[in-house]
Amino acid sequence: MNVLFLTISNMENVDERGIYTDLVREFANRGINIYVVSPREKRTGLPTELISKDKIHILLVKTGNITKTANFIEKGISTLLIERQYLKAILKYFKDVHFDMVIYATPPITFERIVRYFKNKHNSKTYLMLKDIFPQNAVDIGLMKKGSLIWKYFREKEKRLYEISDVIGCMSEGNVNYLLKHNPYIDKSKVEVFPNSIKPIERVDRIKKDKFLLDKYGIPEDAVVFIYGGNLGKPQGIDFLLEVINNFHKIKNGYLLIVGSGTEYGRIEEYINDVKPKNVKLLEKLPKAEYDKLLTIADVGLIFLDKRFTIPNFPSRLTSYMEYSLPVLAATDKNTDLKDILINSNSGFWCESGDISSFMEYANRLSSDKDLRIKMGENARKYLEDNYDITKNIDVILKHIL
């Protein structure tokens, strides 16, 4: 059996852990040949290349810069061109392969032509992993105007992608409900929950922190470390993050560690250099293995999303925090059902982005109560094992082709 997986995530190292690499490896573990198509962006200066290892075949296609670029024109053009670039490369490198299923994740929404090609030519089953509802998310944060020509173009692409998909896997029930409410033409029988999932590592012993790591990053030994790891762009609601930075000195023993990259990284860096907070550190994106080490010395995981979102985003970094038994403090829009997960599982706290008083109250409670952190962290890990384990959840996809 052969599965084609289209993504704009970096898949150079399939042994690295993450929601997509773990998915790919689990397909291979089930005896399925998995063919991954991933971008090799212009900034790398590297050519298109095929890398194969046992049942995993990674086709790295030379493209324009799509991710982590502040130039929205460049990003837009590269996104529009990627469909043609991918299809051309697939037909060259995988010309003798018959695909039983095509799996693809948003963003982007511009894979429709590739998906339609294999649905028509190979009678492939088509499965959309809906991680991003575009263009509405761009409208929510002011990057696009509803009704504009560019909005109409992408909205039509979005509709065609939904139409060509035999199954649409959403991250949560909130996403399912949103999708069906705003796209009533979609047959609800083809929409299901396929959550962000990973293969959890063994539970980490959190009895004592690694002093070498604390010293390496200049973190006091007695600090309660609040960590944010991930994208630092407009979707994160950076204005509120800056407000948190400005007030974090009020958290007793609290230490704020921000790790990531994105279009707003420079703005955050400039603010920290100006304010010079003593208990805040900003680090550029680290290799996954190094970032995971930081999670072993962290005490609380943070999630930030812009308060203007009307779509129920569900950040994938939640699984990383839960994997390391960290309680979660999330400041997001009101529409995400992430807050319901945290509250119902008693694995963290939620407040609306912009509500600095509530954020500080919850941060102080977590900082001052070690037993509360441990209990919520244990609940988070259990919730992950019960709900976000890819070795179980891959059956959600496989039932459509087995």
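The values are calculated or read from the model by the stated rules, or taken from the named source; none is laboratory data. Just so it is clear, the structure is predicted and the values come from calculations on it, not from any experiment. Neighbour counts run over all protein chains shown; Cβ positions are idealised from the backbone, glycine included.
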Could you tell me which residue of the stretch 36-71 is surrounded by the most Cβ atoms within 10 Å (Cβ to Cβ), considering only residues that are in contact (Cβ under 8 Å) with a residue 40 or more places away in the chain and more than 21 Å from the chain's Cα centre (by Cα)?
I56
Could you give every pair whose Cβ atoms fall below 9 Å, whose first residue belongs to the stretch 168-188 and is within 16 Å of F134 (Cβ to Cβ), and whose second residue is modelled with pLDDT under 95 and small (G, A, S), counting only separations of at least 6 or pairs across chains?
M171/S316
Could you please find all residues in the stretch 111-146 being within 16 Å of E158 (Cα to Cα) and part of a strand (DSSP E or B)?
T126, Y127, L128, M129, L130
Looking only at the stretch 257-276, and only at residues there that are without any contact (Cβ under 8 Å) to a residue 40 or more places away in the chain and outside any helix (DSSP H, G or I), the one that is surrounded by the fewest Cβ atoms within 10 Å (Cβ to Cβ)
K276
Please determine whether any residue of the stretch 328-344 is buried (at least 20 other Cβ atoms within 10 Å of the Cβ), in contact (Cβ under 8 Å) with a residue 24 or more places away in the chain, part of a strand (DSSP E or B) and of a type in the set (V, I, T).
yes
For E74, work out the one condition from (1) assigned to a helix (DSSP H, G or I); (2) under 18 Å from K157 (Cβ atoms); (3) under 23 Å from the mean Cα position of the chain (by Cα) it doesn't fulfil.
(2)
Check I141 against each of (1) touching a residue at least 24 places away in the same chain (Cβ under 8 Å); (2) touching a strand residue (DSSP E or B) at 6+ places or on another chain (Cβ under 9 Å); (3) buried (at least 16 other Cβ atoms within 10 Å of the Cβ) and name the one condition it does not meet.
(2)
Go through the stretch 306-327 residue by residue and tally those that are of a type in the set (A, V, I, L, M), within 21 Å of G233 (Cα to Cα) and buried (at least 24 other Cβ atoms within 10 Å of the Cβ).
1
Of L213, L242, the only residue that is surrounded by fewer than 19 Cβ atoms within 10 Å (Cβ to Cβ), closer than 30 Å to G254 by Cα and at pLDDT 95 or above is L242
